[in-house]
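What follows is calculated from the coordinates using simple rules that are stated; it is not laboratory data. Computed from a prediction, not measured in an experiment: that's the story for all the values here. So basically every Cβ, Gly included, is an ideal-geometry build from the backbone, and we count neighbours across all protein chains shown.
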Amino acid sequence: MKSTVNQEPAPIKRQQETVSSPPVDLYTERIESLYHRTDKMKSIGVLQEELKFLDEIIAFKEKNKLEADFFENKKTMVEAEIMKIENLCSVGVMTIEMYKKTIQAELNWEEQLINLTEKDNKTSADELKIVKDRIQKRIETINTELSQEIQEEPEEEPVVEPVVEVKQEEKVEPKVSKENIINTETEKVVEKKPIEIKNKKLYEDIKAKLYDYKDAAEYFQKIGSAKQQEDAFNKAREIQQAVKLFDEGKEDKVDEFSLPIGITPDYICGTTKQERLNDFSKIIKEFSGRKNELNDALKERAEKFSKMDKRDFAKIKDAAVKDLQERKSKVEFYTKLIAKLTEYAKNPWVPAPLYSYVEEEEKVEKINEEIEPFHVDIYLGNTNYDKSNAYLHVLLRIYLSIITIISYYI
């Protein structure tokens, strides 16, 4: 009979798995938000170059299977910014001087960024090189735009058409006739009369309407209402075409009733008169409720303090006075705010403020009324100390805050 010997099984040889390291992301959201802020880019050339950079970044992200949503969204924002600036220039809201002043401010910002990169010790050298090259490209683009002499289109003036008459041997002395015809030896120049506008009142009304819509577009841009801004741009362009027809002597082609109506309070506010009043009423009612609650609480606290024992009140006097003054300041703030909102509500051109409801966590001190003041109950549960000479040493340091004392007395 063969004896058997228990042996440990031979270890199984497994093929070593190779784990490839993730690709290095050279275009992080932190870097993009810090050094390449879209809200600071006001140069058309810079924004157009930015679109090219973003296309390259998105391609890099997709190739390395990295998240690119942030950069896709940024590309949309850049395209919208280009359209906004082009619209401002096309309707005359932004002049060449204003544009150059704006991009000069951007240039100052970019130069500060270059200095900031020199102190950046949190970003890798490879990332910083890309950042610096990209900022430097923006600086060069802005300098190129600032150096260009861009002439604004001058207003149309009466056209002077030269009419040339060839004289063979006759020599005529220059004369000025009643018809303002100037005859010279080789040419005859006839000055064309300015275009006569028949309906001057309509012409002035349309021009005034154009300026109003330009102002509205600028206002909507300031408050960040892109939809209203675009609508104002479109209406301004439509009115501008009518003005152009007048200037070209084609006022008979202008259909007054097809043009946009004048600016109204409803258009600026984006709501009807009733909706606007309802919004103001709702906001004023909400703040009035808060003011009344604060005022009632203030009176209640003042009354409780007045009923306290003089010696006890002396201990908390400073904190009590401070507490009452803070509450009084809040009541005064809401009083002034309600008065200002009421004043704005009477002006039909002032839109109702935007508002939202936010839940706030209010910290309330809980007090156990069953325990007497300055009384401490200590409960000791099970212990694994089995000696007979056990004792408990308690060191109790009491820090009575002013707020705790106030809470007790009220």
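Would you mind stating whether D266 is in contact (Cβ under 8 Å) with a residue 24 or more places away in the chain and not hydrophobic (A, V, I, L, M, F, W, C)?
Values: in contact (Cβ under 8 Å) with a residue 24 or more places away in the chain: no; not hydrophobic (A, V, I, L, M, F, W, C): yes.
So D266 fails the test.
Against the list (1) loosely packed, with under 12 Cβ neighbours inside 10 Å; (2) out of contact with any helix residue (DSSP H, G or I) (no Cβ under 7 Å at 6 or more places or on another chain); (3) under 24 Å from F220 (Cα atoms), the condition Y344 fails is (1). Using the structure shown, decide if E86 is of a type in the set (D, E), surrounded by fewer than 16 Cβ atoms within 10 Å (Cβ to Cβ) and outside any helix (DSSP H, G or I). When the stated conditions are applied, E86 does not pass them.
Across the range 46-74, the qualifying residues are those that are within 26 Å of T95 (Cα to Cα) and surrounded by 17 or more Cβ atoms within 10 Å (Cβ to Cβ), and the one among them that is farthest from the chain's Cα centre (by Cα) is E49.
Scanning the range 313-358 for residues that are in a loop (DSSP other than H, G, I, E, B) and more than 24 Å from the chain's Cα centre (by Cα) turns up K346, N347, P348.
Here is a check on your reading of the model: is L259 within 14 Å of L88 (Cα to Cα) and among the aliphatic types (A, V, I, L, M)? Walk me through how you get there before you give the answer.
Working: within 14 Å of L88 (Cα to Cα): no; among the aliphatic types (A, V, I, L, M): yes.
It is false that L259 is within 14 Å of L88 (Cα to Cα) and among the aliphatic types (A, V, I, L, M).
Selection within the range 216-228: residues that are without any contact (Cβ under 8 Å) to a residue 24 or more places away in the chain and in a helix (DSSP H, G or I). The member of this set that is farthest from W349 (Cα to Cα) is K227.
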